[in-house]
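Chemist: Questions regarding the structure given below will be posed in turn.
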Amino acid sequence: MEISAEKTKIMTNSKEPSKKEIKVKGQILESVTKFKYLGSIISDEGSKPEILSRIVQTTAAMTKLKPIWNNKNIAISSKIRLLRCLVMLIFLYACESWTLNADIERTIRAREMRCNRRLLGISYKDHITNEEVSRRIENAIGLHVDLLTIVRQRKLKWYGHTTRSSGLAKTIMQRTVNGGRRRGRQKKRWEDNIREWTGLELRNTLRKAEDREEWKAVVRRPSAAARRIPSLKDR
């Protein structure tokens, strides 16, 4: 395998920038704070830059499909299905790698609500609450799983799949790094979401994930309520 020095970048997980020079074919590799890999943005800021990029892409997709949203001859139920197939799948690309915190979860809920309002032709000037928007969506397609729950389920499914595998992804996910964590409040880690959503310690999730059927029950648990009506704080 040949390494392209022009396309290869260096990013560290340390607060201090790397002072070492790494060369490929005599060319010094550039040190960066973020880069795009397989269509996703990898950043030392976590998942927020990638999610903001996904929001921009879904907004562009919504705009391109404006004739569909404005067409009164198309049923609302059909528009919602088109929204989920043509727009939301763009947003969900590689969501298994995201680390979610309270701010990101609010962003995901707000993105879904904005798309629903656009589909229904509802402006914020109409003073229609998020609860009413959710009821109209439910009346059109029945009980459904919201966008945030889909993200959680996809991440849990990938965790179970990787745990049962024997590849490099499993080695990276379960491997520890030498040294200790810095003092003070820590940044949320990818595996912290798994522990929060399952209510289990990681050693217990590893054992559960080995049993495919048992882990499927864990994955389905976040969608038990099927639909969550956003509060006014999510607007």
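The values are calculated or read from the model by the stated rules, or taken from the named source; none is laboratory data. Source: prediction; values computed, not measured. Every residue, glycine among them, receives a Cβ derived from its backbone with ideal geometry; neighbour counts consider all protein chains shown.
Chemist: Inspect the range 7-23 for any residue being within 29 Å of ARG135 (Cβ to Cβ) and over 17 Å from the mean Cα position of the chain (by Cα) and give the result as yes or no. Step through it out loud before you land on a result.
Modeler: Step one: list which residues in the range 7-23 are within 29 Å of ARG135 (Cβ to Cβ), which gives none.
There is no residue in the range 7-23 that is within 29 Å of ARG135 (Cβ to Cβ) and over 17 Å from the mean Cα position of the chain (by Cα).
Chemist: Examine the range 120-127 for a residue that is touching a Phe, Trp or Tyr at 6+ places or on another chain (Cβ under 8 Å), part of a loop (DSSP other than H, G, I, E, B) and farther than 17 Å from ASN193 by Cβ, and state whether such a residue exists. Break it down into steps so the answer makes sense when it comes.
Modeler: If we filter the range 120-127 for residues that are touching a Phe, Trp or Tyr at 6+ places or on another chain (Cβ under 8 Å), which is where we start, we get 121.
Those still in the list that are part of a loop (DSSP other than H, G, I, E, B) too: 121.
Going one step further and asking which of them are farther than 17 Å from ASN193 by Cβ, we end up with 121.
Scanning the range 120-127, I find at least one residue that is touching a Phe, Trp or Tyr at 6+ places or on another chain (Cβ under 8 Å), part of a loop (DSSP other than H, G, I, E, B) and farther than 17 Å from ASN193 by Cβ, so the answer is yes.
Chemist: May I pose another question? Only one of PRO17, PRO49 is modelled with pLDDT under 85 and closer than 30 Å to ALA102 by Cβ; which? First the steps, then the outcome.
Modeler: Details: PRO49 fails: modelled with pLDDT under 85.
Going through PRO17, PRO49 in turn, the sole match is PRO17.
Chemist: Here's a follow-up. Using the structure shown, decide if SER231 is exposed (fewer than 15 other Cβ atoms within 10 Å of the Cβ) and either in contact with a strand residue (DSSP E or B) (Cβ under 6 Å, 6 or more places away or on another chain) or modelled with pLDDT of 70 or more (or both). Reasoning before the result, please.
Modeler: Working: exposed (fewer than 15 other Cβ atoms within 10 Å of the Cβ): yes; either in contact with a strand residue (DSSP E or B) (Cβ under 6 Å, 6 or more places away or on another chain) or modelled with pLDDT of 70 or more (or both): no.
Judged against the criteria, SER231 is not a match.
Chemist: Would the range 19-29 turn up any residue that is touching a residue at least 24 places away in the same chain (Cβ under 8 Å), in contact with a strand residue (DSSP E or B) (Cβ under 8 Å, 6 or more places away or on another chain) and surrounded by 13 or more Cβ atoms within 10 Å (Cβ to Cβ)? Outline the logic, then answer.
Modeler: Step one: filter the range 19-29 for residues touching a residue at least 24 places away in the same chain (Cβ under 8 Å), giving 29.
From the residues that got through so far, the ones that are in contact with a strand residue (DSSP E or B) (Cβ under 8 Å, 6 or more places away or on another chain) too are 29.
Next cut, surrounded by 13 or more Cβ atoms within 10 Å (Cβ to Cβ) only: 29.
Within the range 19-29, one or more residues are touching a residue at least 24 places away in the same chain (Cβ under 8 Å), in contact with a strand residue (DSSP E or B) (Cβ under 8 Å, 6 or more places away or on another chain) and surrounded by 13 or more Cβ atoms within 10 Å (Cβ to Cβ).
Chemist: Tell me the residue from GLU138, GLU132 that is without any contact (Cβ under 8 Å) to a residue 24 or more places away in the chain, over 17 Å from the mean Cα position of the chain (by Cα) and outside any loop (DSSP other than H, G, I, E, B), please. Even if it seems obvious, please write down each step before you answer.
Modeler: Values: GLU138 fails: without any contact (Cβ under 8 Å) to a residue 24 or more places away in the chain.
The unique qualifying residue is GLU132.
Matching residues to (1) free of Cβ contacts under 8 Å to residues at least 24 places away in the same chain; (2) farther than 23 Å from LYS7 by Cα; (3) surrounded by 15 or more Cβ atoms within 10 Å (Cβ to Cβ):
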{"position": "THR33", "(1), (2), (3)": "yes, no, no"}
{"position": "SER40", "(1), (2), (3)": "no, no, yes"}
{"position": "SER47", "(1), (2), (3)": "no, no, yes"}
{"position": "PRO67", "(1), (2), (3)": "yes, yes, no"}
{"position": "ASN70", "(1), (2), (3)": "no, yes, no"}
{"position": "LEU89", "(1), (2), (3)": "yes, yes, no"}
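Chemist: If a residue must be of a type outside the set (Gly, Ala, Ser) and touching a Lys or Arg at 6+ places or on another chain (Cβ under 8 Å), how many such residues does the range 130-152 contain? Walk me through how you get there before you give the answer.
Modeler: Step one: list which residues in the range 130-152 are of a type outside the set (Gly, Ala, Ser), which gives 130-133, 135-139, 141, 143-152.
This time we only want the ones that are touching a Lys or Arg at 6+ places or on another chain (Cβ under 8 Å), so: 130, 133, 138, 141, 143-149.
Qualifying residue count, the range 130-152: 11.
Chemist: Select from the range 110-145 the residues that are surrounded by 14 or more Cβ atoms within 10 Å (Cβ to Cβ) and among the small types (Gly, Ala, Ser) and write down the one among them that is farthest from SER43 (Cα to Cα).
Modeler: Here the answer is ALA140.
Chemist: Take the range 50-76 and flag every residue that is within 22 Å of LEU92 (Cβ to Cβ) and among the charged types (D, E, K, R).
Modeler: GLU50, ARG54, LYS64, LYS66, listed by residue number.
Chemist: SER77 is checked against (1) modelled with pLDDT of 90 or more; (2) out of contact with any helix residue (DSSP H, G or I) (no Cβ under 6 Å at 6 or more places or on another chain); (3) surrounded by fewer than 16 Cβ atoms within 10 Å (Cβ to Cβ) and fails just one. What number does that condition carry?
Modeler: For SER77, the exception is condition (2).
Chemist: Collect the residues in the range 91-109 that are in a helix (DSSP H, G or I), buried (at least 16 other Cβ atoms within 10 Å of the Cβ), in contact (Cβ under 8 Å) with a residue 60 or more places away in the chain and not acidic (Asp, Glu), keeping them in residue-number order.
Modeler: Once the filter is applied, which keeps residues that are in a helix (DSSP H, G or I), buried (at least 16 other Cβ atoms within 10 Å of the Cβ), in contact (Cβ under 8 Å) with a residue 60 or more places away in the chain and not acidic (Asp, Glu), the range 91-109 yields CYS95, ARG109.
Chemist: Residue check, ASN13 against (1) exposed (fewer than 11 other Cβ atoms within 10 Å of the Cβ); (2) out of contact with any Asp or Glu (no Cβ under 9 Å at 6 or more places or on another chain), all met but one. Which one?
Modeler: Condition (2) is where ASN13 drops out.
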